[in-house]
Structures are given as C-alpha cells and as structure tokens.
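Below is one structure; the comments refer to it alone.
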Amino acid sequence: MSERFKLFPKVGKTRIIPLGLKILVIFICLILLSNFATNVISVQLEQKEIITLNNEIMVDQLKELYNTSSTQYQIYNFSLNRYECMQAICKSTQSTFKNPNSVALGISKEGLMGFMISNNKGEYWNRFVDKDALDKMNNNYLEGITEGSLKFNMMGIDYIGVYKYQADWDFFLIRAERNSDISNNTRRIYIYISIIILSMTIVFVIIGFIIINREFKTVRDITRDLYEMQKKKQLDLIDLSGATNDDITYLAASFNSLSSSVNNLLGTFQKFVSKDVVKKAYTDQKIALEGSQQELTMLFSDIKSFTYRTETLGNDIIDVLNVHYNRVIHNVHENCGVVGSIIGDAILAIYGTLDSEYSKSFNAIKAAWDITRVTANLRETMIQRREEVEKRRKLTESEERVFQAVLLDVGVGIDGGTVFYGNIGSNEHMANTVIGDNVNSASRLEGLTRIYHLPVIVSGYIKDEVEKETDRYKFFEIDTVQVKGKTEGKKIYFPFDTQEMDNSLLSNYELFESGLKAYYKGDWKTARKEFKDANLDVTEVFLERMGLKGAPDKWSGIWTMTTK
C-alpha cells in the first residue's frame, strides 16, 4: 500500500495520528468519565438514602420490639414463664425481618444474651462480645441516654443498627443489619448502571465516528497536501475545491496566503544571496552554527543605580531606556561598532568586525565618550525641564524621586583581545555573539567605574593599541587591581580626551599619577598628600583605603577586589 494511503502515515520517524481520531478518543473518554462519575455519585447518594431509610425502618421495628417486650414482661409477672415470653418476643420480631441476615438482640449490661433472633438460622451467639459497643451503651445509660445508633462486630462480621434500653427486663434491645447486605444492594445497582452506560456509549461512539469521519474529510485532504509538500520540501497551495465553509477551510486559506508570501520572500531573498545558500537554508531548514577566534575590542556600558530607578519609575523605565538606547546604539553604529547584546540596563558593543580607518580600540573609546556625553546631555535636558517647572511651583516629594530617577548616569568599561565571535545557540534559535575572558573583563572594568568615580575605564590592551595610532587620548594609570577569580593584578587606565575635555585638569591627573607611584612603593604618607592636592574624585577611594595607616607588610601595590 502506498505511504499516501496508509491510515497513519509517517513524517520522518513520527507517525501522524488523524485529528478526528484524537477528538473521538477524547470524546469517548470524557463520556465514560462523566457517566461513571455520575453513576458513582448517584449510587453513593442512593446508598446514603438506603442507609437512612433502613435506619428508620429499624427504629420502627425497635419500637415494636420494645412494646412487645413490655407486654411480655406483664405476662411474665402473671405466668412466671420466662422462656415462653422470650419465645413470643422472638416470634413476633422475626416476622418483621426483610434481609437474610437481620438480627434482634436482648443483652444485659454485662453482655449476657437474653434472647437472639436472626433470619440466618445457622447463626446464634451466646454472648455479646463487642466490648466497645457494650461500653458505649453502658456509658450512655449512665449519662441518661437510653437509645441511639450502634455499630458492632460479631464473629468478624460488621453490623449497623439501633438500640434502646428496656427497664422491665433490664437489658438493651438491639435491632441490626449486616453491612454486607446493604453493600450488596449498592453493588447490584453499580453493575446494572455500568452495563447501561457501556451499551449506550458503544452506540454513540459508532454514531460519532460516522459524523466525525464525514466532517473531517477536509482536514484529511489538507493533511494529505501538506504531507506531499513536506516530502517534496516545497511550498505549494492546498487544493480547497469542494471544501466546506468552516474554520478548517479558513485555516487552509490562510496557509495558502502565507505560502504565497513566503515564496515571494524567498524570491526576494535569492536576489541578495547566492542560490545555493537559499536552497540549503530551505532544504536543510537550518543554518550552520559557526564562528572563529578574532582580535576584537569589547565595550560594556551599564546604567548606574538601575534598581532604584526601576523601583521609582515602574513600567515607565522602559520609555526611559528606549530614549537612552536610541542615542547609545546610534553612537555605537556611528563609530563602526555592532551591538552584541542588550541585557536590561547594560549594552555590549563589539568593535573590529567592520572596516574602519581607525583602530577598533580607538573607535571603542570614542564611542564610550560619546555615550557619556549624550547621557550627560539627557541629564541636562531633564535639569532644564525641572527649572522650568520650579519657576511655577516646587516639585513634590514623588516628583523629586522621579526627577532623580531619570537623571541617568552610565559607566563604560573597555577591553580587547582574542575572543570567539560567531553564531551560537541551537537549530531552533541562534544568536551572533562574542565569548571570551576579555568580554568578562570589560564588564568588570565597567563595574570599577562606580568604585573609582570615573565614567570610562580601559585596560592596558586598549591603551597600547590606541597610543600606537594617536595622541588624542592621554592614558592615566588608575590602579593595579586583582579582580575576583584572577590570580594576577591588572593595570587599569582612564582615557583623557584632550580634544573634548578641560585640559587644565591634566595637571591634576599628573599629580594623581605621582601620588599613585608613591602609593605603589608603600610611601603612603607622600601618596596621601599628593592625592589630596590632586583634588579629583578618583582619589577618594585611595584616601579611604589608606586611612591614616602605613602600607601593610609585603605590600605589592596590588589591590584585591572581593567582588566582581
């Protein structure tokens, strides 16, 4: 038989199950579950009703037994023949029994059997042996309760019944039925209803199969056409001639529209890339995951105090981020960089993948300063708006918080070196990315901007590459840091832009460098003096670090970071 006409054709190694069959199976399961659940609930309620009715009957019979006992006691006082009186009680009571194992008892407070009546002729007890039930009746009697319901066990058989104390004979009268007799009635009802449910289900399944098979003809035809497309690995149109006007046909019509659009896009795509790439992408339905090691420069920029800004602005933080990133990404692209990833408030840019007249590290530093400038311009705009508002009125406390939250400030860290650059992910989703220790280093350098109160910090790799190309940027050594997870110290630098920054500050940074040399040598007294004279924010971390102490023993000049 042709694969096309098999009941369950395969697509690859997967067997295709008709949708109509799945619906039918689910429909059958739901019907059975619903019916049986209804059956169980109905029988349980009926069983409860039976037990209630049975108790009412036993109560009536117990009253009759009580009255008979009282009458026979009067006869006993006249005749003094106890045996005949007991026999009369038994005969009168047994005539009211309906079930094969109905019993009536007369027992003393000690459990001695005064009389026993059972519809089961082979059943007779000499003593009431269920001590718990006997104690319950005696305890109730002492509390003034002379009647009630009772469960007891005799000879391993459970009974349920009612009792009443008979003062004349000084014993408890009990009228009871076996639990199993009541359960048997319920079980018979279960069986009868189950047979009816199964019979009706079979009939409805046959009818349902015929109806679903007819209604799902369109689905089978659509599935057949899609299966043929899959085998040919080519998009075609589904034949809708003779299809019914339902949502399945609408779905197929939508597929035809999408198929036409995709074919048009593929035709357009072929004009921009080679045909063999298009064919491979379409036939294999994947693009290879590949990459290579390259010398690149990574720029990592992050918004400072982002948690506070998010808590203050709520969902409005998205609008602020979009304004920020609109300017930042423009600067990245303008300086021949590509955006590697955007992670919340942080952006990773990559330099060296595009052709440029300048080095990748030069472009990265220029972009870094452009990012800090546009961020500063955004802050200045917000300040101007605040001043305009304050001409009319003072800001409220909540407005002041919002104002502080939108005053974005960023830190930028830059490092470079040999990294992996290419496509990673899976055949379902892939991304172009960069991986390497220098990527992590750029992130750590950005984190150091918060510690050293500097907007941009770069590595020695960046300094060396840029100094070979231009003298626009003067690099001032900031510190030698051993970051967490590393065993060696790494020098970090601040790139002073001589074309854009106030050159009068150069002498301050030169004095700072002089103090740094004394700091490295362990001459902290001299270092403190020159740091204070430098009058720069970056000196605060060193003055706080040194305090009024001298350099520790075996001082290497390397500061070890305890966090990333």
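Structure values in brief
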read-out	value
Given (1) over 21 Å from LEU313 (Cα atoms); (2) charged (D, E, K, R); (3) open to solvent by less than 60 Å² (accessible area, probe 1.4 Å), index of the condition ASP409 fails	(1)
Checking VAL458 against (1) out of contact with any Pro (no Cβ under 9 Å at 6 or more places or on another chain); (2) touching a residue at least 12 places away in the same chain (Cβ under 8 Å), the condition it does not meet	(1)
In region 119-145, residue nearest to ASN99 (Cα to Cα) [restricted to those that are open to solvent by 50 Å² or more (accessible area, probe 1.4 Å) and in contact with a Phe, Trp or Tyr (Cβ under 7 Å, 6 or more places away or on another chain)]	ASN119
Region 491-512, subset within 16 Å of LEU445 (Cβ to Cβ) and touching a residue at least 40 places away in the same chain (Cβ under 8 Å), residue surrounded by the fewest Cβ atoms within 10 Å (Cβ to Cβ)	PHE494
Matching entry among SER361, SER341 (being closer than 22 Å to THR433 by Cα, in contact (Cβ under 8 Å) with a residue 24 or more places away in the chain and in contact with an Asp or Glu (Cβ under 6 Å, 6 or more places away or on another chain))	SER361
Test: residue in region 149-161 that is open to solvent by 60 Å² or more (accessible area, probe 1.4 Å), of a type outside the set (Val, Ile, Thr) and in a helix (DSSP H, G or I)	no
Those strands (runs of 3 or more DSSP E) lying entirely in region 423-517 with at least 3 residues over 42 Å from the mean Cα position of the chain (by Cα) and of a type outside the set (Gly, Ala, Ser)	473-482, 490-497
In region 88-112, the residues that are open to solvent by 30 Å² or more (accessible area, probe 1.4 Å) and aliphatic (A, V, I, L, M)	ALA88, LEU112
Test: residue in region 350-364 that is crowded, with 19+ Cβ neighbours inside 10 Å, of a type outside the set (A, V, I, L, M, F, W, C) and in a strand (DSSP E or B)	yes
In region 48-63, the residues that are over 60 Å from the mean Cα position of the chain (by Cα), at pLDDT below 85 and either within 15 Å of TRP169 (Cβ to Cβ) or open to solvent by 70 Å² or more (accessible area, probe 1.4 Å) (or both)	ASP60, LEU62
Hits in region 513-532 (condition: over 17 Å from HIS453 (Cα atoms), of a type outside the set (A, V, I, L, M, F, W, C) and open to solvent by 10 Å² or more (accessible area, probe 1.4 Å))	SER514, LYS517, TYR520, LYS521, GLY522, ASP523, LYS525, THR526, ARG528, LYS529, GLU530
Unmet criterion (only one of (1) among the small types (Gly, Ala, Ser); (2) surrounded by 15 or more Cβ atoms within 10 Å (Cβ to Cβ); (3) without any contact (Cβ under 8 Å) to a residue 60 or more places away in the chain) for SER398	(2)
Tally of residues being more than 28 Å from LYS463 (Cβ to Cβ) and among the β-branched types (Val, Ile, Thr) across region 404-426	2
Search result, residues across region 412-424 that are hydrophobic (A, V, I, L, M, F, W, C), open to solvent by 30 Å² or more (accessible area, probe 1.4 Å) and modelled with pLDDT of 80 or more	PHE420
Close pairs (8 angstrom Cβ cut-off, 6 or more residues apart or separate chains): farther than 26 Å from ASN67 by Cα in region 150-166, in a strand (DSSP E or B) and among the hydroxyl-bearing types (Ser, Thr, Tyr) anywhere	ASN153/TYR159
Residue, surrounded by the most Cβ atoms within 10 Å (Cβ to Cβ), within region 66-87, restricted to residues that are under 17 Å from MET113 (Cβ atoms) and not aromatic (Phe, Trp, Tyr)	SER69
Test result for LEU45, open to solvent by 80 Å² or more (accessible area, probe 1.4 Å), modelled with pLDDT under 85 and not acidic (Asp, Glu)	yes
Filtered residue count, region 425-442, keeping only those that are among the acidic types (Asp, Glu) and either in contact with a Gly (Cβ under 8 Å, 6 or more places away or on another chain) or crowded, with 18+ Cβ neighbours inside 10 Å (or both)	1
Some residue of region 332-345 being more than 40 Å from the chain's Cα centre (by Cα), among the charged types (D, E, K, R), modelled with pLDDT of 85 or more and buried (at least 21 other Cβ atoms within 10 Å of the Cβ)	no
So TYR461, is it open to solvent by 10 Å² or more (accessible area, probe 1.4 Å), touching a helix residue (DSSP H, G or I) at 6+ places or on another chain (Cβ under 6 Å) and within 27 Å of ARG373 (Cβ to Cβ)	no
Residue match in region 95-105 (condition: part of a strand (DSSP E or B) and not β-branched (Val, Ile, Thr))	yes
Condition met for ILE191 (surrounded by 13 or more Cβ atoms within 10 Å (Cβ to Cβ) and either over 30 Å from LEU33 (Cβ atoms) or not polar (S, T, N, Q) (or both))	no
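The values are calculated or read from the model by the stated rules, or taken from the named source; none is laboratory data. This one's a predicted model, so the numbers in the text were calculated from it and none came from an experiment. Every residue, glycine among them, receives a Cβ derived from its backbone with ideal geometry; neighbour counts consider all protein chains shown. Areas reflect the complete protein model, heavy atoms only, side chains present, ligands, DNA and RNA absent. Shrake-Rupley method; radii C 1.70, N 1.55, O 1.52, S 1.80 Å.
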